[in-house]
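Scroll down for the structure; my scribbles are underneath it.
The values are calculated or read from the model by the stated rules, or taken from the named source; none is laboratory data. This one's a predicted model, so the numbers in the text were calculated from it and none came from an experiment. All Cβ positions, even for glycine, are placed from backbone atoms using ideal geometry, and neighbour counts span all protein chains on display. We work out accessible area using only protein heavy atoms, side chains counted, and drop any ligands, DNA or RNA first. Shrake-Rupley method; radii C 1.70, N 1.55, O 1.52, S 1.80 Å.
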Amino acid sequence: MVLNFGVWIRGAAALVVTALVLGTPLAASAQLDVGTKAPAAAVTTLDGAAIDLSSFIGDKPVLLEFWATWCPQCKALEPKLEAAARKYGDRVHFVAVAVSVNQSPARVKAYAERHAIPMTFVFDSKGNATGAYDVLATSTILVIDAKGTIVYTGSGGDQDIEAALSKAF
């Protein structure tokens, strides 16, 4: 795998700048703590309709991935997420929260269709979700149980998705 370090650095820097501009908290932790209730966060579908992340919570566990088309760590997670989606099927909501840095809903939609990733994609154009979940980097995954409690947080391309999801059952 060839990693274009310059593109990655520009993307990471843009994510931090976006967080500062949008007022996203830059806390020491990369995401909310395990045991925290999952917050509501207004996002949009890739077709522009308003939706709240809380609408996915309540009937079954949810896996949220804060994601970008340009993120190499997110790309590394794709096979693991696809395998988990095949295994858990309709027993888990798989939701990709596309951050707005260097992408658009149209670009995300084209990527999702081209790669056939089995997730529901939403777009965080205003940073509501990254702020509510205190996310500082793409490839951040949170698993939320059916009661709305965060049971797993992690980031990076080498996460054990199977072990993370097992915490929700």
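How many residues does the range 141-153 hold that are farther than 15 Å from Lys75 by Cα and open to solvent by less than 10 Å² (accessible area, probe 1.4 Å)? So the answer is 5. Going through the range 30-50 one residue at a time, which ones are assigned to a strand (DSSP E or B) and open to solvent by less than 50 Å² (accessible area, probe 1.4 Å)? Matches in the range 30-50: Val43, Thr44, Thr45.
One residue alone among Ser54, Ser29 is out of contact with any Cys (no Cβ under 6 Å at 6 or more places or on another chain), of a type in the set (Gly, Ala, Ser) and modelled with pLDDT of 95 or more, and that residue is Ser54. Kindly indicate whether Lys60 is among the basic types (Lys, Arg), at pLDDT 95 or above and not in a helix (DSSP H, G or I). So Lys60 fits the description; yes.
Residue-by-condition table, conditions (1) touching a Gly at 6+ places or on another chain (Cβ under 8 Å); (2) at positive phi; (3) polar (S, T, N, Q):
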position	(1), (2), (3)
Ala38	yes, no, no
Ala68	yes, no, no
Gly89	no, yes, no
Ala96	no, no, no
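To keep it simple, each residue is scored yes or no on (1) within 18 Å of Leu165 (Cα to Cα); (2) touching a residue at least 24 places away in the same chain (Cβ under 8 Å); (3) hydroxyl-bearing (Ser, Thr, Tyr).
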site	(1), (2), (3)
Val34	yes, yes, no
Thr45	no, yes, yes
Ser55	no, no, yes
Phe66	yes, yes, no
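With respect to the conditions (1) surrounded by 15 or more Cβ atoms within 10 Å (Cβ to Cβ); (2) under 14 Å from the mean Cα position of the chain (by Cα), Gly157 falls short on a single one, namely (1).
Is the range 99-107 home to any residue that is of a type in the set (A, V, I, L, M), more than 23 Å from Ala163 (Cα to Cα) and open to solvent by 40 Å² or more (accessible area, probe 1.4 Å)? Yes, the conditions are met somewhere in the range 99-107. Within the range 58-74, at least one residue is exposed (fewer than 15 other Cβ atoms within 10 Å of the Cβ) and either under 15 Å from the mean Cα position of the chain (by Cα) or within 18 Å of Val143 (Cα to Cα) (or both).
The one condition from (1) more than 17 Å from Asp158 (Cα to Cα); (2) within 14 Å of the chain's Cα centre (by Cα) that Ser55 does not meet is (2). Looking across Val97, Val92, Val101, one residue alone is modelled with pLDDT under 95 and under 17 Å from Phe66 (Cα atoms). It is Val101.
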